[in-house]
Amino acid sequence: IMMSWVPNGLTSLNLVCGVLSIYYSFHQEFTISALLIIGSLVADRLDGKVARALGISGDFGKELDSLCDGVSFGVAPAFLMYHYGNFEAIKWIGLTIVAIFSVCGVLRLARFNTMVGEVKGYFLGMPIPTAGCLVATFVLSDIKLNVWYLAALMLVWGPLMVSTVKFPDFKGGSTYRYNKIALVIGGVVALGLVFVSWKAIGFALFFSFMVFGVVNTLLGPFKNQQKE
């Protein structure tokens, strides 16, 4: 039981980073806020690895993880984009858009938790850490867009989390079919973003992952192939 404090502590660190991100967004420290969201991602990845290494598994850890993810990758990125993108300029529209993003993130987590036994080898809908890190890495990319373009991006990223678009789960990639054209398009998009700004390397990775998932789903019927 005592050993469970290790992965649960990492999960809690995920939440702490998310809360601090909100604090720094409020104080216009956008780079720090974005880096804290990346920090949440690191903690989120480590808690699962540590739990598996220690042989710890249970519903408590899974529920805690989802609750923390909702704040760190749903609320904190919405708060960051609202202040960074000057969504205040578009008044209630800006508030509605960031609210939609956060709600979609929480719905994504709820659907994921209830479909664990049904969906394997891929993610149904864009994972909430990806959506949160899209916001964080965009802020770090030094790419400048006006508020309406940023609002449009948030309106795409939010609903993508609750969509039926299928994204690869690299832990179970053997059941996911890759379309070569989708891979090429994703690669071209990534290179194009890095060409625009070398600081966009992180954003390019997350954005090309999103583009690949959408294009891969559109180009052909998705088939869940089990190992023979």
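The values are calculated or read from the model by the stated rules, or taken from the named source; none is laboratory data. No experiment lies behind these values; they were computed from the predicted model shown. Note that each Cβ is placed from the backbone with ideal geometry, even for glycine, and that neighbours are counted across all protein chains shown. For accessibility, only protein heavy atoms count, side chains too; no ligands or nucleic acids. Shrake-Rupley method; radii C 1.70, N 1.55, O 1.52, S 1.80 Å.
Which helices pass in the chain if a helix is a full DSSP H run, must span at least 20 angstrom along its long axis by Cα, and must have mean Kyte-Doolittle hydropathy not below 1.6? Spell out each step's value before the answer.
Details: long enough: 5-26 (31 Å, 0.98); 30-53 (35 Å, 1.00); 92-114 (33 Å, 1.43); 147-161 (22 Å, 1.73); 180-196 (24 Å, 2.51); 201-219 (26 Å, 2.13).
Result, helices passing both filters: 147-161, 180-196, 201-219.
Nearest 500 deg cm²/dmol is fine: what mean residue ellipticity at 222 nm does the chain get from its DSSP H runs of n ≥ 4 alone, each adding -39,500 (n - 2.57), divided by its residue count? Write down the numbers at each step before the final one.
Details: 9 runs with 154 residues, N = 228.
For the chain, the value works out to -22500 deg cm²/dmol.
Report the local net charge at Gly9: Lys and Arg +1, Asp and Glu -1, summed over other residues whose C-beta lies under 14 Å from its C-beta. The partial results should precede the final answer.
Working: positive: Lys49; negative: Asp44, Asp47, Asp65.
Local charge sum for Gly9: -2.
If you build a Gaussian network model of the chain, linking Cα atoms that sit under 10 Å apart, which residue out of Ile37, Ile181, Ile100 swings the most?
Result: Ile181 has the largest fluctuation of those listed.
Quick one: net charge around Trp148, please, counting Lys, Arg +1 and Asp, Glu -1 for every other residue with C-beta under 15 Å from its C-beta.
On the way: positive: Lys91, Lys144; negative: Glu88.
Spelling it out: positives minus negatives among the neighbours equals +1.
Which residue, Val135, Val162, Val194, has the most motion in a Gaussian network model of the chain that connects Cα atoms within less than 10 Å?
With Cα springs under 10 Å in the chain, the top fluctuation among Val135, Val162, Val194 is at Val194.
Could you check which residue among Leu67, Leu54, Leu13 shows the biggest mean-square fluctuation in a GNM of the chain with a 10 Å Cα cutoff?
Maximum among the listed residues: Leu54.
First compute the accessible area of segment 59-140 with a 1.4 Å probe, then give the percent of it belonging to carbon and sulfur atoms. Before the final figure, lay out the partial values.
Numbers: 2370 of 3450 Å².
In segment 59-140, the share of accessible area belonging to carbon and sulfur is 69 percent.
Could you report segment 106-174's accessible area per residue, 1.4 Å probe, as an integer in Å²?
Working: 3030 Å² over 69 residues.
Result: 44 Å² per residue.
Starting from the Cα gyration tensor of the chain, take the square roots of the eigenvalues, sort them a ≥ b ≥ c, and report rounded, prolate or oblate (rounded when a/c is under 1.5, otherwise prolate if a/b is larger than b/c, else oblate).
Details: a/c = 1.67, a/b = 1.10, b/c = 1.53.
Oblate shape, in that a/c is at least 1.5 and b/c is the bigger or equal ratio.
When the dipole is taken about the Cα centre of segment 79-220, and only Lys, Arg (+1) and Asp, Glu (-1) are charged at their Cβ, what size is it in debye, to the nearest 20? Write out the running numbers ahead of the final one.
Values: 10 positive and 4 negative charges, 51 e Å.
My answer is approximately 240 debye.
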